[in-house]
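Below: the structure, in structure tokens.
Only the coordinates and a few stated rules stand behind these numbers; no lab work does. All values derive from a computational prediction rather than experimental measurement. A quick note on method: Cβ atoms are made from the backbone with ideal geometry, for glycine too, and the neighbour counts reach across all protein chains shown.
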Amino acid sequence: MRHLANKGSTTPWLVAKLAVLAIAMFGFGYLLVPLYEKFCEITGIDGRTAGQATGVEYLTDQVDESRWVTVHFDATVNSGLPWQFEPVERMMQVRPGKLYETTYIAFNRADRPIVGQAVPSVAPGRASLFFNKTECFCFTEQLLGARESREMPVRFVVDPNLPERVELVTLSYILYQNEQATAVLAATD
Amino acid sequence: MSEATTHHDDHHDHPKGLWRWVVTTNHKDIGTLYLLFSLVMFLIGGAMALVIRAELFAPGLQLVNPDFFNQMTTMHALVMIFGAVMPAFVGLANWMVPLMIGAPDMALPRMNNWSFWILPFAFTILLSTLFMPTGAPASGWTLYPPLSLQGGNSFAFVIFAIHLMGISSIMGAINIVATILNMRAPGMTLLRMPLFIWTWLITAFLLIAVMPVLAGAVTMLLTDRFFGTSFFNAAGGGDPVLYQHIFWFFGHPEVYIMILPAFGIVSEIIPTFSRKRLFGYTSMVYATASIAFLSFIVWAHHMFTVGMPLGAMLFFMYATMVIAVPTGVKIFNWIATMWRGSMTFETPMLFALGFVVMFTIGGLSGVMLAIVPADFQYHDSYFVVAHFHYVLVTGSVFAIMAGVYYWLPKWTGHMYDERLGKIHFWWSTVWVNVLFFPQHYLGLAGMPRRIPDYAVQFTEFNMISSIGGFMFGFGQLLFCYIIWKCARGGEPASARVWEGSRGLEWTVPSPAPHHTFDTPPVVDDSVAVHKDELT
Ligand code: HEM
Ligand SMILES: [Cu+2]
């Protein structure tokens, strides 16, 4: 090369390195997916830890009788699902450490059986690490026959370690149609 | 000094006519192609903006239906960002990088031809979605799911077009890095490179780092929409907020991709017309590098309202504000360069000065948006629209125009019509402010962005803004005329062109011959834009 004697790499080698960088960054974009999931799981930020059952048993002597926590119940149905879906109770006062049960009601307005899947989340995010469900209809798919309605229980304990500042916790569900399962159902009929 | 510019005519014959432009590997030809392409896209994107402003002239729905309106906002942004601003900078790089560092051509001329010719195909595909039964994308240029996944099948074409644009940008960027690192003339040390070269080198690295991330994000959208994955589909265990993180990890560096080369252009022009060397050259280089680095850790300032933990909001708020520091360094350096200079105000200088003033206005509204509690109010309002149009139109676009006027005599061999150039500047400056300044008030008063209709109390400001929009828009036809006229003829330009110009590009004749620097020039302090104290 008549031009600047380059102390670094030759052009093909440099181009190869830059191309590898570009490909690596494409991979990095995908790597962000598991990173994000792990991050949310550890911090509870997106309230997704609410999706798993907790086997923790709380003894009654751990009940924190010194304070009340308000729990709001919220329900949303995705527009692709012809169901009605509501909590029986909108709100509850609970003692941290004590096991409570409440119920949601779902009703299938369609004339065919449909499989739904509820996706829970807890707000504020920081509270989701302390909101433990021992039983929830969101752990499994829900199959409702034509015009069938069902009461679906949720049992939960608010961890006594919930930070003092949190006085209000919202448990929210969005109900979606599980299209694959519904299609399988329709096919086997 | 400038005997380096031995002019040899057509020592190997190149194809003539239109075919020449298809097969050309000459950096000057490709630079011209990029710039013309960008101008066409600027006009198409501008026409879409006028549809938007016409609909918003009065409350109520009069001209277009809401879905088409949304297609216009989405396509306007995609066309302007990927079709007008980015290719314009790549075009300037193609023309000027070899000339400024004393190289005979780009390092990879054949790849250069490909990077350009991908673009017309990409944009034909993108624009063709307007004529498909399900229409063009209408979810905003950010393509947020779930909305973006609820459109028609034409979405697949949009993704494919974005992939093509990304490939073109990455190839262009690799070429620029290879050229700058490997093709410099003897004596052109790194710290003697003009600032335009420095800013482009850093921009090219940003492009290589983030365009693939965008490609990944849209590929996930594609598989979510057509192949049953659930990256962003909450029903399948995905999370739409994840998309916003990935998108803005690309998106914020992307906005710097669109401003760093503008900083470079302005840093060339202001010294020339102040007849001084650039003040604080080294600090300019470091400021550019730190802006580029910081641009990777501020992305979530676009998503303060999704519900982040307090700590994260504070981090992103402060990180964003820190960027104002190196940006401020640059603005002060430009002002210091002008200080006690013997300034003249030719059109390139006017646009550069307009840039400094109005980019600063955009920077200040940016700092306001970075304040978390304030952003809760301003987010997704016209205030954001005003912010990014100040940095992008009176920032990037003004800098591009400044660069075009500055180098046009070098490209064509003729001086442009100075009187018309000045009219173009003042016309644009007045109307662009009429267009965008009222949008600050609209946003503060609560008008949301991306809506075809609005509450009646917003009427006056919208009317003013629309009038500004049409005037600004039609004024750009004058720009086209000035370029056309200058290409056809005019007062012959000297090699130096400007009295105060410095740098290798001014040592070759005007118009720059087809082949330049076949024998490398020797660079010393008399031609270098920056006196390298170390040597
Ligand atoms: C001092 C520098 C800057 C700061 C502090 C800043 C800050 C911000 C913030 C906080 C937002 C988000 C507003 C919201 O959506 O609520 C924003 C949006 C935006 N900024 Fe800036 N900005 C700066 C410079 C720039 C530059 C140089 C550009 C481009 C050349 C730019 C382009 C944009 C764009 C395009 C958006 C809107 C993106 C969208 O939602 O469509 N900004 N800016
Ligand atoms: Cu940003």
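Numerical summary
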{"quantity": "Estimated distance in nm for a label pair at B:L314 and B:Y481, the labels positioned 7 Å out from Cα along Cα-to-Cβ", "calculated": "5.9"}
{"quantity": "Relative contact order of chain B, defined on C-alpha pairs under 8 angstrom at six or more residues apart (%)", "calculated": "20"}
{"quantity": "Which of B:V432, A:V88, A:V15 has the fewest Cβ neighbours within 10 Å, and the rest in rising order", "calculated": "A:V88, A:V15, B:V432"}
{"quantity": "Derived scalar couplings ³J(HN,Hα) [the range B:468-482; Karplus, 6.51 cos²θ - 1.76 cosθ + 1.60; whole Hz; x for Gly, Pro]", "calculated": "x, x, 5, 5, 4, x, 5, x, 6, 5, 4, 4, 4, 5, 4"}
{"quantity": "Nonlocal amide H pairs with A:Y104, under 5 Å, H built at 1.01 Å", "calculated": "A:V88, A:M152, A:V154"}
{"quantity": "Computed helical MRE - 222 nm, chain B, DSSP H runs ≥ 4 contributing -39500 (n - 2.57), nearest 500", "calculated": "-21500 deg cm²/dmol"}
{"quantity": "Hits among lysines - C-alpha to C-alpha of B:K410 under 18 Å, sequence gap 8 or more where chains match", "calculated": "B:K28, B:K485"}
{"quantity": "Karplus 3J(HN,Hα) series, Hz, for the range B:142-150 with 6.51 cos²θ - 1.76 cosθ + 1.60 (x for Gly, Pro)", "calculated": "6, 6, 5, x, x, 4, 5, 8, 9"}
{"quantity": "Whole-number percent relative contact order across the range B:301-418, with pairs defined as alpha carbons under 8 Å at least 6 apart", "calculated": "32"}
{"quantity": "Contact order relative to length of chain A, as percent, for alpha carbon pairs under 8 angstrom and 6 or more apart", "calculated": "26"}
{"quantity": "Burial ordering of A:E164, A:E65, fewest other beta-carbon atoms within 10 Å first", "calculated": "A:E164, A:E65"}
{"quantity": "Cα long-axis angle, helix B:66-78 against chain B (0 to 90 degrees, to the nearest 10)", "calculated": "30"}
{"quantity": "Linear extension gain, A:V20 paired with A:E65, 0.36 nm per residue minus alpha-carbon span", "calculated": "10.2 nm"}
{"quantity": "Integer Hz, Karplus 6.51/-1.76/1.60 couplings in order for the range A:150-163, x for Gly and Pro", "calculated": "8, 9, 10, x, 10, 10, 8, 10, 8, 4, x, 7, 3, x"}
{"quantity": "The range B:296-365 versus the range A:120-188: alpha-carbon centroid distance in Å", "calculated": "46"}
{"quantity": "When the convex hull of its Cα atoms is projected in every direction, mean area for the range B:334-455 (nm²)", "calculated": "9.6"}
{"quantity": "Beta bridges by DSSP in chain A, antiparallel share as percent, to the nearest 5", "calculated": "80"}
{"quantity": "Amide H partners (placed H, <5 Å) of A:E135, local residues excluded", "calculated": "A:R155"}
{"quantity": "Partner lysines for B:K276 [C-alpha distance under 18 Å; skip if fewer than 8 residues away on the same chain]", "calculated": "B:K330, B:K531"}
{"quantity": "At 1.002 mPa s and 20 °C, Stokes diffusion of the range B:280-379 via Kirkwood alpha-carbon radius, µm² per second", "calculated": "141"}
{"quantity": "Label-point separation, B:A455 to B:F470 (7 Å along Cα→Cβ), nm", "calculated": "2.7"}
{"quantity": "Amide proton proximity set for B:R275, modelled H, under 5 Å, gap of 5+", "calculated": "none"}
{"quantity": "Per-pair calculated FRET efficiency, R0 = 30 Å: B:V522 and B:E499 via Cβ, rounded to 0.05", "calculated": "0.80"}
{"quantity": "Anisotropy class of chain A from Cα gyration tensor, a/c 1.5 cut", "calculated": "oblate"}
{"quantity": "Computed FRET value (nearest 0.05) for B:V367 with A:E164, which takes r as the C-beta separation and R₀ as 35 Å", "calculated": "0.50"}
{"quantity": "In degrees, nearest ten, helix B:109-128 long axis to first principal axis of chain B (Cα)", "calculated": "30"}
{"quantity": "Rounded to 5, the percent of DSSP beta bridges in the protein assembly as shown classed as antiparallel", "calculated": "80"}
{"quantity": "Nitroxide proxy distance, nm - points 7 Å out along Cα→Cβ at B:H514 and A:H72", "calculated": "7.3"}
{"quantity": "D (Stokes-Einstein, µm²/s), Kirkwood Cα radius, the protein assembly as shown, 1.002 mPa s at 20 °C", "calculated": "76"}
{"quantity": "Nearest 10 degrees, 0 to 90: helix B:86-101 Cα axis against chain B principal axis", "calculated": "20"}
{"quantity": "Ratio of Rg to Rh over the range B:33-520 (Cα coordinates, Kirkwood Rh, two decimals)", "calculated": "0.95"}
